[in-house]
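Colleague: Quick one: this structure, given as structure tokens, is what I'll be asking you about.
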Amino acid sequence: MAKILVDINVLLDDFLNRDVVCKELIDKLVESQSELFITASMAATLDYFLNKYEADKSEFKRKFFGRFKIITTSGFDALKALDFEDGEDALISLSFQRAVGEGIIITNDKGFPSNSVKVLTPKEALKQQDIFNNENNKTIPILDLKKQYYYLIEDIDNAVLKNIADAKYILGSQVKELEDKIAGYIGVKHCIGMSSGTEALVLSLRALAIKLKGQEYFDKTDGIITTPFTFTATGDAVLRAGATPVFVDIDPITYNIDPAEIRECLKSEIQNPKSKIRGIIPVHLYGKPCNMDEIMDIAKEYNLFVLEDVAQAFGGTWRDKKLGSIGTAGTFSFFPSKNLGGFGDGGMVSTNDDELAELMRMLLKHGGKDKYNVDHIGYNARLDTLQAAILLAKFKFIDEFNAKRRSIAEVYNKELSGIGGLVLPGNNSTPQLSNSLTQYFTNVHVYHQYTIRVLNGKRDSLQKHLKEKGIDTMVYYPVPLHKMEVFDGRCRVNGGLKESEKAVKEVLSLPMEPLVGQETIMKVVETIKSHQ
């Protein structure tokens, strides 16, 4: 969508009812999906004129600042602006250009410095319908992180600048604040920030080895059951912790690990004197919860740990319990594309186990409580304070964004239902009977991805068709873990894994940007329907 900065004179002409053209323009802009901005440097001038005309500043804020986002003005911008004849306007233009790149400035000032940014008068802007056309994107991305930044720009900029000024870059107060807030949100005693979701898995497994076996790493004879239909990190973490990944097949409907296959695997492994299964890593793939009732029952029966991989499912629930609060521990990724994502790598572990929490806090800081006298083979795996600050700013919006994802999924579910050759991922929250058959509970899918299955060998042709129409899609994942070279000779496979091998040839993830409008989603839908 168009990125537009509206100058002070146009905003005031509209608000003070001084110009019908400006009023018409603002009304149309607000109704469009264009991204609208002012700069922080404009605030003092706006305040001066609002006071001069005795205008209602609260009403002005209500009208404009729910829709217009405020770009932070930097000292660097200010220094550059001094090189211009009109430094005030130059500062606006320079700040806007830095923040958005290509954009449009609408102003009544014919001498406004453009700095390579397109400048239009209100009359000129009204004639350019592409400004208001919600379909003017050349492409529809699967995710739009810039759009998300602009939506949260005031909160994000404040968090970043405050952290930089505090100069507490390693384990600053924001790290503990984030840990405490997420622990309260999930409903666990401990959350431990990590440098990535991958390290969260590795350190969790290392801590489990120390607790359960009294040694730094698992042995190769120690098997850990998980799914082959996931990102590499899940299986790789098992190898890095010294154990052997044991892959079992997925449920073809949910794409998650199949509890029935776990049971079959355990029956088979009991017959192997050279193997001992230690635990299960269920992956809540695409944001959909695994069947944690059955998995926890199996774990209890066989005395296994359960390490939930919640990298794609922050905020999701199983039986009204937040994912990451059900197993022995849970691991999260804050990779930028995740539902709660930072501006770089980051991760977290959740647990109610005091001993595991203490061990992980030691491991992430080189292996000891005292870094100059360590107890274990450790890592430098701390969550950066800057990432924690950004995540705190974004955390306030996680439920809103997850709700938006579910709303988009509802549109997809409704509009794509009944199309031959497509299998949809299902409803966003499905009431199911509990084991007692006497009460209902809710499992919440948070749609990290909206993933369809395209049958009859037509997945690749549909993906090509969408790409030609400017619609991005992704295949998560094209190769199952047991087929990767890194796991050759380092894993065990239970059964033929036929459902996993079938899924990698059929799955296709559609655009799932929580801030996108329904009109854009309908373009995706109509393009899918037009595929022959």
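Colleague: Per-residue counts of other Cβ atoms within 10 Å, averaged by peptide: what ranking do you get for 238-250, 139-151, 302-314, highest first?
Modeller: Order by mean packing, descending: 302-314, 238-250, 139-151.
Colleague: Please give the net charge around residue 505, taking every other residue with its beta carbon less than 13 angstrom from that of residue 505, where Lys and Arg add +1 and Asp and Glu add -1.
Modeller: Around residue 505, the charge tally is +2.
Colleague: Expressed as an acute angle from 0 to 90° and rounded to the nearest 10, what is the orientation of the C-alpha long axis of helix 197-213 relative to the principal long axis of the chain?
Modeller: Long axis of 197-213 versus the principal axis of the chain: about 30 degrees.
Colleague: I want the local charge near residue 488. Using Cβ-Cβ distances under 15 Å, sum +1 for each Lys or Arg and -1 for each Asp or Glu among the other residues.
Modeller: Within the 15 Å Cβ shell, the charges total +2.
Colleague: Stretched out fully, how many nm does the piece from residue 423 to residue 270 gain, at 0.36 nm a residue minus the Cα gap?
Modeller: That pair, residue 423 and residue 270, stretches by 51.4 nm at full extension.
Colleague: Whose amide H sits under 5 Å from the amide H of residue 142, counting only residues 5 or more places off or on another chain, with H placed in the peptide plane?
Modeller: Residues meeting the amide H criterion: 472.
Colleague: Further, regarding this structure: Quick one: if the Förster radius is 35 Å, what FRET efficiency do residue 55 and residue 116 give, using the C-beta to C-beta distance and rounding to 0.05?
Modeller: With a Förster radius of 35 Å, E is 0.55.
Colleague: Starting from the amide H of residue 306, placed 1.01 Å from N in the peptide plane, find each other amide H under 5 Å away whose residue is 5 or more places distant or on another chain.
Modeller: Amide H neighbours of residue 306: 280, 328, 329.
Colleague: Going by the alpha-carbon gyration tensor, a ≥ b ≥ c the square roots of its eigenvalues, is the range 3-136 rounded (a/c under 1.5) or, if a/c is not under 1.5, prolate (a/b greater than b/c) versus oblate?
Modeller: Taking the square roots of the gyration eigenvalues as a ≥ b ≥ c, the range 3-136 is oblate.
Colleague: Another question, then. At 7 Å along the Cα-to-beta-carbon direction for both residue 263 and residue 414, put a label point, then send me their distance in nm to one decimal.
Modeller: 3.9
Colleague: Next question, about the same structure. Given H placed on each backbone N at 1.01 Å, which residues far from residue 119 in sequence or on other chains put an amide H within less than 5 Å of it?
Modeller: 105
Colleague: If you plug each phi of the range 152-168 into the Karplus form 6.51 cos²θ - 1.76 cosθ + 1.60 with θ = phi - 60°, what whole-Hz ³J(HN,Hα) values come out, in order, with x for Gly and Pro?
Modeller: These are the phi-based 3J(HN,Hα) values: 10, 4, 5, 5, 5, 4, 5, 4, 5, 5, 5, 5, 4, 5, 5, 6, 10 Hz.
Colleague: Can you pull the one-decimal nm distance between simple spin-label points at residue 138 and residue 370, each 7 Å off the Cα toward Cβ?
Modeller: Label at residue 138, label at residue 370, 6.1 nm between them.
Colleague: Once a ≥ b ≥ c are taken as the square roots of the eigenvalues of the Cα gyration tensor of the range 398-529, is the result rounded (a/c under 1.5), prolate (a/b larger than b/c) or oblate (a/b not larger than b/c)?
Modeller: oblate
Colleague: Of all GluC sites (Glu not before Pro) in the range 79-121, which ones are in loop regions per DSSP and have a Cβ with at most 10 other Cβ atoms within 10 Å?
Modeller: 85, 102
Colleague: Now for a separate question. For the range 111-128, take each phi angle, set θ = phi - 60°, evaluate the Karplus expression 6.51 cos²θ - 1.76 cosθ + 1.60, and give the result in whole Hz per residue in order, putting x for glycine and proline.
Modeller: x, 5, x, 8, 6, 6, 9, 5, 10, 10, 7, x, 5, 5, 5, 5, 7, 9
Colleague: Assuming R0 = 22 Å, can you tell me the calculated FRET efficiency for the pair residue 165 and residue 43, based on Cβ-Cβ distance, to the nearest 0.05?
Modeller: The formula returns an efficiency of 0.65 here.
Colleague: Rounded to the nearest 20 debye, what is the charge dipole size of the chain about its Cα centre when +1 sits on each Lys and Arg Cβ and -1 on each Asp and Glu Cβ?
Modeller: 1020
Colleague: Compute the helix-to-body angle for 354-363: its Cα long axis versus the longest principal axis of the chain, expressed 0 to 90° and rounded to tens.
Modeller: 70
Colleague: Using only helices, what value at 222 nm comes out for the chain when you add -39,500 (n - 2.57) per DSSP H run of length 4 or more and divide by the total residues, to the nearest 500 deg cm²/dmol?
Modeller: Computed ellipticity for the chain at 222 nm equals -12500 deg cm²/dmol.
Colleague: Take every DSSP beta bridge whose two residues both sit in the chain, then give the antiparallel share in percent to the nearest 5.
Modeller: Counting DSSP beta bridges with both partners in the chain, the antiparallel share is about 50 percent.
Colleague: I've got another one for you. How high is the relative contact order of the range 106-208? Use alpha-carbon pairs under 8 Å, at least six apart in sequence, and give a whole percent.
Modeller: Across the range 106-208, relative contact order equals 11 percent.
Colleague: Let me ask you something else. Quick check: the angle from helix 87-100's long axis to the longest principal axis of the chain, C-alpha only, nearest 10 degrees?
Modeller: With both axes taken from Cα atoms, the answer is about 30 degrees.
Colleague: Sticking with this structure for a sec: Ordered by residue, what ³J(HN,Hα) values in Hz, to whole numbers, does the range 484-489 give under the Karplus form 6.51 cos²θ - 1.76 cosθ + 1.60, where θ = phi - 60° and Gly and Pro are x?
Modeller: 7, 4, 4, 9, 5, x
Colleague: Provide the per residue accessible area, probe 1.4 Å, for the chain, rounded to a whole number of square angstrom.
Modeller: That works out to 44 Å² for each residue.
Colleague: Out of all DSSP beta bridges with both ends in the range 276-359, state the antiparallel percent to the nearest 5.
Modeller: 55
Colleague: Follow-up question, since we're still on this one. From the residues 516, 445, 504, which one has its Cα farthest along the dipole of the range 398-529 in the positive direction, the dipole being from +1 and -1 charges on Cβ of Lys/Arg and Asp/Glu about the Cα centre?
Modeller: Ranked along the dipole, the leading option is 504.
Colleague: How would you rank 196-202, 520-526, highest first, on the average number of other Cβ atoms within 10 Å across their residues?
Modeller: 196-202, 520-526
Colleague: Multiply the residue separation of residue 501 and residue 455 by 0.36 nm, subtract the distance between their alpha-carbon atoms, and state the gained length in nm to one decimal.
Modeller: Separation in residues times 0.36 nm, less the Cα-Cα distance, equals 15.2 nm.
Colleague: Heavy atoms only, probe 1.4 Å: what % of the accessible area of the range 175-328 goes to carbon and sulfur, would you let me know?
Modeller: Carbon and sulfur together cover 48 percent of it.
Colleague: From a point 7 Å beyond the Cα of residue 354 in the direction of its Cβ, which residues of the range 179-207 have a backbone N at a distance under 13 Å?
Modeller: Output list for this probe position: 189-190.
Colleague: Kindly work out what percent of the DSSP beta bridges joining two residues of the range 157-395 are antiparallel, to the nearest 5.
Modeller: Just about 50 percent of them are antiparallel.
Colleague: Give me the percent of the accessible area of the range 398-529 that comes from carbon and sulfur atoms, probe 1.4 Å, all protein chains in place.
Modeller: Ligands and nucleic acids excluded, carbon and sulfur give 48 percent.
Colleague: Sort 292-298, 1-7 by the packing proxy (mean of other Cβ within 10 Å over each peptide's residues), most packed first.
Modeller: In decreasing order of mean packing, 292-298, 1-7 become 1-7, 292-298.
Colleague: Please work out the FRET efficiency for the pair residue 17 and residue 189, using the Cβ-Cβ distance as r and a Förster radius of 41 Å; give the result to the nearest 0.05.
Modeller: Here the calculated transfer efficiency is 0.10.
Colleague: Once you put a point 7 Å from the Cα of residue 130 and another 7 Å from the Cα of residue 83, both along the Cβ direction, what distance in nm separates them?
Modeller: Simple spin-label model gives 3.0 nm for this pair.
Colleague: Among 328, 377, 282, whose Cα lies farthest out toward the positive end of the dipole of the range 157-395, if unit charges sit on the beta carbon of Lys, Arg (+1) and Asp, Glu (-1)?
Modeller: 377
Colleague: Can you give the extra length, in nm with one decimal, that the chain gains between residue 475 and residue 400 once fully stretched, where that is 0.36 nm per residue apart less the Cα-Cα distance?
Modeller: 24.4 nm
The values are calculated or read from the model by the stated rules, or taken from the named source; none is laboratory data. None of the values given here were measured: they were computed from a predicted structure. Glycine gets a Cβ as well: all are built from the backbone with ideal geometry, and neighbour counts include every protein chain shown. Please note that ligands, DNA and RNA were not included when accessible areas were found on the heavy atoms of the full protein model with its side chains. Shrake-Rupley method; radii C 1.70, N 1.55, O 1.52, S 1.80 Å.
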